[in-house]
Amino acid sequence: MRKVWVFGGAAVGLGMSFVALLVVGVYVVAGNLAGGMASAGRALAKGAVPAAYQGLVQKWGNLCPQLTPALLAAQLYQESGWNPTAVSPANAQGIAQFIPGTWAIYGIDANGDGKRDVWDPGDAIPSAASYDCQLAKDVKGVPGDVSDNMLAAYNAGAYRVIKAGGVPAISETQDYVKSIRSLSQSFAAPVTRIDPSQQAAGAITFAQSKLGTPYLWGGEGTAEQGGRFDCSGLTQAAYAKVGITLPRVANDQYNAGPHPSRDQLLPGDLVFFSTDPSDSRAIHHVGIYVGGGYMIDAPRTGAVIRFDPIDTRDYFGATRVTADGAKALPTAV
């Protein structure tokens, strides 16, 4: 069975190659989405999966009804951050993080080269999908959502899911299921065209023009600061370009308009991250949503303005910036 272990540092270990990949095809704010999208979750967002694995994830993510390409992509991202040589402290191996005993039973030679290789994504990705679908069969009669139970079984083993009558009360497993379900939204192609408002498009255009600019704590983009920003300095400057004045700090910007839910996000919405999921005053970061589950943000000292996924554990919520909402905010705190 699969050892209960979550690759917590996936986002950190992506490396520059995946960061660069985020730039390709993510900027869907102009509505440049291909026509004829498949049903929700059955097609991948353009550029969200590394090109080397896109075809494998799309094909094998449709292996059974309980699995989708977006769900498989989120699982692989959570497991290894697309790293085919990843090894966990529990000796889970490869891009799909199989422990040797599980691989010996469920690993398949999907690429037909005569060997089952846990280090080869051509075998490991199909094996992960095949194992998922087998687990879905194993837990089919268990109460609750079958895909949630399938993911829980991948993490903790089918026996624990069956015994618990659903996702077991193991915090690590519950977090695993929740994270993958949330992350999958970042990998699924929208089923309809997404267009920003004119002001949102203007704000995004400004932020996009700053991609690659080094972060500066307290940065507001002045000449003295070398045109550098911190997170809320970037969002403030972006909306200033379209005539909307925002407060300087992120947790004040949160109140600049209504708060759409995750599935209602539109390009141009500000997305916020907090150390306390119940307190907007604990917000510590903000970015500008661009579609496809990604934002443009100024992350931290040592990083540059870039595209980042929004579906992280500290995601707090979003604000749809409006001129009236911004005007209603206090000018001093």
Step by step: first the residues of the range 44-78, then only those that are open to solvent by less than 20 Å² (accessible area, probe 1.4 Å) and either at positive phi or of a type in the set (Gly, Ala, Ser) (or both), then the one that is modelled with the lowest pLDDT. Which residue is that?
Gly47
Hey, does the range 130-152 have a residue that's in contact with a Lys or Arg (Cβ under 7 Å, 6 or more places away or on another chain) and crowded, with 24+ Cβ neighbours inside 10 Å?
no
Does Gly81 qualify as being under 17 Å from Tyr294 (Cα atoms) and modelled with pLDDT of 75 or more?
yes
If you check Leu266 against the conditions, is it open to solvent by less than 50 Å² (accessible area, probe 1.4 Å) and either under 19 Å from Thr205 (Cβ atoms) or in contact with a Gly (Cβ under 7 Å, 6 or more places away or on another chain) (or both)?
no
Selection over the range 102-133 where residues are in contact (Cβ under 8 Å) with a residue 40 or more places away in the chain and farther than 21 Å from Pro69 by Cα yields a count of 1
Unmet criterion (only one of (1) in contact with a strand residue (DSSP E or B) (Cβ under 8 Å, 6 or more places away or on another chain); (2) assigned to a loop (DSSP other than H, G, I, E, B)) for Ala169:
(1)
Quick one: in the range 120-148, of everything that is part of a helix (DSSP H, G or I) and in contact with a Gly (Cβ under 7 Å, 6 or more places away or on another chain), which residue is nearest to Val57 (Cα to Cα)?
Ala129
Considering only residues that are within 17 Å of Ile244 (Cβ to Cβ), out of contact with any Phe, Trp or Tyr (no Cβ under 6 Å at 6 or more places or on another chain) and assigned to a loop (DSSP other than H, G, I, E, B), which ones fall in the range 268-278?
Gly268
Please go through (1) under 22 Å from Lys46 (Cα atoms); (2) within 16 Å of the chain's Cα centre (by Cα) for Ala207 and return the number of the only condition it doesn't satisfy.
(2)
Looking at the range 279-290 only, could you name the residues that are assigned to a strand (DSSP E or B) and not small (Gly, Ala, Ser)?
Ile283, His284, His285, Val286, Ile288, Tyr289, Val290
Pairs please, first residue from the range 53-64 and more than 16 Å from Gly112 (Cα to Cα), second anywhere and hydroxyl-bearing (Ser, Thr, Tyr), Cβ atoms under 7 Å, 6+ apart in sequence or on different chains.
Gly61/Thr68; Leu63/Ser130
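Table: residues versus (1) outside any helix (DSSP H, G or I); (2) closer than 27 Å to Arg181 by Cα; (3) free of Cβ contacts under 8 Å to residues at least 60 places away in the same chain.
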{"site": "Leu234", "(1), (2), (3)": "no, no, no"}
{"site": "Ala238", "(1), (2), (3)": "no, no, yes"}
{"site": "Val242", "(1), (2), (3)": "yes, no, yes"}
{"site": "Asn251", "(1), (2), (3)": "no, yes, yes"}
{"site": "His259", "(1), (2), (3)": "yes, yes, no"}
{"site": "Leu266", "(1), (2), (3)": "yes, yes, no"}
Tell me whether the range 96-119 contains one or more residues that are in a loop (DSSP other than H, G, I, E, B), touching a strand residue (DSSP E or B) at 6+ places or on another chain (Cβ under 6 Å) and either among the aromatic types (Phe, Trp, Tyr) or surrounded by fewer than 24 Cβ atoms within 10 Å (Cβ to Cβ) (or both).
yes
Report the residue count in the range 226-262 for those that are modelled with pLDDT under 90 and surrounded by 23 or more Cβ atoms within 10 Å (Cβ to Cβ).
1
Among the residues of the range 174-187, is there at least one that is assigned to a loop (DSSP other than H, G, I, E, B) and not hydroxyl-bearing (Ser, Thr, Tyr)?
no
Condition first: part of a helix (DSSP H, G or I) and not hydrophobic (A, V, I, L, M, F, W, C). Now tell me which residues in the range 198-230 satisfy that.
Gln198, Gln199, Gly202, Thr205, Gln208, Ser209, Glu224, Gln225
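The values are calculated or read from the model by the stated rules, or taken from the named source; none is laboratory data. This structure is a prediction, so every number in the text was calculated from the model and none was measured. Cβ atoms come from the backbone with ideal geometry, glycine included; neighbour counts cover every protein chain shown. Just so you know, the surface numbers come from the protein's heavy atoms only, side chains and all, with ligands and any DNA or RNA stripped out. Shrake-Rupley method; radii C 1.70, N 1.55, O 1.52, S 1.80 Å.
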